[in-house]
Every structure is written in C-alpha cells, then in structure tokens.
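Below is one structure, written out as structure tokens, with a few remarks after it.
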Amino acid sequence: MYTLAIHGGAGTITKSSMSPEKELLYKAALNDALKVGESILKNGGSSLDAVVAAVVFLEDCPLFNAGRGAVFTADGVNELDASVMRGDNLMAGAVAGVKNIRNPVKLARAIMEHSEHVLLAGKGASDFARTQSIAFESDEYFHTDFRLKQLEEARLEGGTFLDHTEKKFGTVGAVALDKHGNLAACTSTGGMTNKRFGRVGDSPVIGAGTYANNQTAAISCTGHGEFFLRGVVAYDVSCLMEYAGLSLQQACEKVILEKQVKLGGEGGLIAVDAKGNISLVFNSEGMYRGKLAEGSESVVEIYKE
Ligand code: ASP
C-alpha cells in the first residue's frame with residue numbers, strides 16, 4: 001500500500017479569477033508531479049525519493065512559487081527555502097535564504113544526509129551545496145516576467161505579499177507513505193514577494209512547515225508563514241494524533257480550521273498517515289492539490305468545492 005499527496009500553494013484561488021487555459025496548465029503540472037512520485041512508489045521505492053522527485057518537478061515548473069518560479073525579494077533577487085523529513089528515523093534537513101540553487105529540496109536532502117546539521121542558511125548553505133554537486137543556475141533562470149510584474153506591483157503598493165496575485169500562496173510540497181510503511185514530507189518555496197531583511201517563513205522550519213513521523217503522520221504546509229511558525233502547525237498535527245488520539249483528519253481540521261483561523265493564519269496543509277489515510281485541509285478559497293493511493297485514480301483539485 002502506498003499513498004502520495006502534493007500541493008502547489010493555497011490562497012484566494014477562485015474559479016472566476018482563473019482562465020480555463022491556466023486551470024488546465026496547473027492541473028496538468030499537478031498530475032505530472034503525481035506521476036513522477038507514483039512511478040517511484042509503485043516500484044517499491046522510498047517515500048523520501050518519491051516526495052523529493054515530485055517537488056523537484058514542481059520546482060522546475062515556472063507556475064509555482066518555488067525553484068524556477070520563485071517570487072522576488074525587495075532587492076529583486078530570489079531567496080529560496082526548503083525542507084525535508086523522514087518519518088522512520090526523524091532525520092531532517094532544511095535550507096533557508098539561498099540564491100541560485102536550482103532545486104532547494106535536493107540541497108535540504110543533502111544537508112540531512114551528508115552534514116551533521118539540520119538547517120543551513122545563506123552563503124554557508126551555498127558553500128555546502130558546492131561540496132555536494134548541487135546544481136546552480138544563473139539569475140536569469142529564475143526571472144519570470146510574471147513574478148517581476150508582481151514585484152513591481154508590490155513595490156508600488158509598498159507591502160510584502162504572499163505570492164501577491166489574489167493572495168495566492170504558491171509554495172509546493174509533497175507527503176507520502178511507501179510500501180515499507182515509511183512516511184516522508186518535504187516543502188519548497190520562494191516565500192513572499194518583496195520580502196526584506198532575510199525574511200524566512202515556515203517552509204524550512206521543521207515542525208512548522210514540514211514534519212514526518214511514522215507513528216503519526218507526514219505533513220507539508222502552505223500559507224502565511226508567520227502564522228504557521230507561531231502555530232508550529234505541522235508538529236501540532238502530529239502532537240494531536242500522538243498525545244490526544246485524534247485521527248489524521250480530526251487533527252488537520254483542528255489545526256487549520258480552528259486554531260489557524262482563530263490566529264488569523266490563511267493557508268492549508270497536506271498530510272498522510274501510516275494507515276493509508278490522506279487529508280488535504282485548507283481555510284483559504286483554494287489550494288492547488290493532488291492525491292493518489294495504490295489501486296485508485298489520482299485526484300487533482302484547485303477550488304474549495
Ligand atoms: N508558507 C510560505 C511562506 O510563508 C508561503 C507559502 O506557503 O506560499 O514563506
């Protein structure tokens with residue numbers, strides 16, 4: 001038995017604000033990312049390999065605010081955050097505020113597997129990447145017209161925006177259960193348009209944006225990072241299952257539909273547990289999302305209903 005879920009960000013994504021062509025593009029990308037992950041799980045591969053491969057696919061796709069399609073900082077550069085965690089041994093790796101890294105999730109994995117640390121940031125993280133044959137790209141690789149326009153708009157309005165257009169959060173993530181009963185989760189983002197001062201959100205913070213534990217669940221979040229940090233959202237889901245005996249769905253709903261709503265945190269999460277359950281829960285108007293389980297058709301959705 002295996003399961004896989006992915007997200008491409010949550011926010012004010014409504015059918016009326018989306019052209020049919022754009023909707024098809026997003027759905028095709030989500031479907032392809034699911035296929036990439038499933039091809040690994042189907043053949044007995046690990047949940048870790050599957051979530052990383054699915055997120056690498058989404059990082060390479062310019063539609064999402066991660067890797068290639070990352071939003072711009074106030075200085076007109078792209079600062080990327082990512083994290084990964086495995087549920088069998090609670091090993092984790094994360095990277096914050098790195099530039100020119102093609103696939104930040106691969107760097108997060110290298111930190112988990114080849115360093116004695118969990119979280120590396122900025123220049124030091126890039127120096128480490130060079131020791132690990134991690135691919136770098138030029139500034140131009142990350143310069144999409146769409147994101148530059150968002151930065152210009154944000155500068156005019158004088159604010160910091162979460163994937164600016166219609167308050168859409170474009171972070172990507174994946175969670176999976178493999179045939180061996182192991183869970184894994186990862187998340188990758190460009191953060192907020194027009195961000196300053198080395199701002200880092202929840203995505204590279206283990207316990208906030210990402211968490212995995214075979215005893216409970218694998219979780220990847222997307223939304224307004226400041227609130228997800230303060231709510232320690234991913235670990236809170238795990239805690240509610242471990243200490244309060246809640247089911248996966250109950251725990252996700254409590255955290256996203258009650259606690260985050262009360263706090264003012266817009267967004268959502270994807271989660272799977274070791275029993276094969278999958279939960280995709282969000283309190284925003286939409287969340288790019290997809291899921292599949294062994295033996296059943298994959299499902300890709302964008303809006304609430
Ligand atoms: N959580 C991410 C951040 O705050 C943004 C997102 O999910 O789109 O950096």
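The values are calculated or read from the model by the stated rules, or taken from the named source; none is laboratory data. Note that the structure is predicted; figures quoted are calculated from it, not measured. When we count neighbours, we look across all protein chains shown, and the Cβ atoms used for this are built from the backbone with ideal geometry, even at glycine. Accessible surface areas use protein heavy atoms only, side chains included; no ligands, DNA or RNA. Shrake-Rupley method; radii C 1.70, N 1.55, O 1.52, S 1.80 Å.
Some points to look at:
- Filter result (assigned to a strand (DSSP E or B), open to solvent by less than 10 Å² (accessible area, probe 1.4 Å) and not acidic (Asp, Glu)) within the stretch 265-280: Gly267, Gly268, Leu269, Ile270, Ala271, Val272, Ser279
- Of all residues in the stretch 18-29, none are within 15 Å of the ligand (Cβ to nearest atom) and within 27 Å of Lys179 (Cβ to Cβ).
- Residue, surrounded by the fewest Cβ atoms within 10 Å (Cβ to Cβ), within the stretch 224-259, restricted to residues that are part of a helix (DSSP H, G or I) and within 12 Å of the ligand (Cβ to nearest atom): Arg230
- Residue match in the stretch 85-104 (condition: assigned to a helix (DSSP H, G or I) and surrounded by 22 or more Cβ atoms within 10 Å (Cβ to Cβ)): yes
- Scan of the stretch 30-69 for residues that are under 15 Å from the mean Cα position of the chain (by Cα), open to solvent by less than 30 Å² (accessible area, probe 1.4 Å) and farther than 17 Å from Ser220 by Cβ, ordered by number: Gly69
- The stretch 214-223, subset surrounded by 24 or more Cβ atoms within 10 Å (Cβ to Cβ) and more than 19 Å from Gly8 (Cα to Cα), residue farthest from the ligand (Cβ to nearest atom): Thr216
- Qualifying residue in the stretch 37-57 (condition: more than 23 Å from His180 (Cβ to Cβ) and in a helix (DSSP H, G or I)): no
- Figure legend. Inter-residue proximity from the stretch 177-194: first residues modelled with pLDDT under 95 and within 16 Å of the ligand (Cβ to nearest atom), second residues open to solvent by 10 Å² or more (accessible area, probe 1.4 Å) and basic (Lys, Arg), beta-carbon distance below 9 Å, spacing 6+ or different chains. Indicated pairs: Gly191/Arg199; Met192/Arg199; Asn194/Arg155.
- Selection status of Lys262, at pLDDT 95 or above, surrounded by fewer than 20 Cβ atoms within 10 Å (Cβ to Cβ) and part of a loop (DSSP other than H, G, I, E, B): no
- The residue that is least open to solvent (accessible area, probe 1.4 Å), counting only those in the stretch 131-154 that are more than 22 Å from Met192 (Cβ to Cβ) and under 21 Å from the mean Cα position of the chain (by Cα), is Ile134.
- Val51 among the β-branched types (Val, Ile, Thr), closer than 24 Å to Glu301 by Cα, more than 16 Å from the ligand (Cβ to nearest atom) and in contact (Cβ under 8 Å) with a residue 40 or more places away in the chain: yes
- Selection over the stretch 195-213 of residues that are of a type in the set (A, V, I, L, M, F, W, C) and within 10 Å of the ligand (Cβ to nearest atom) gives a count of 3.
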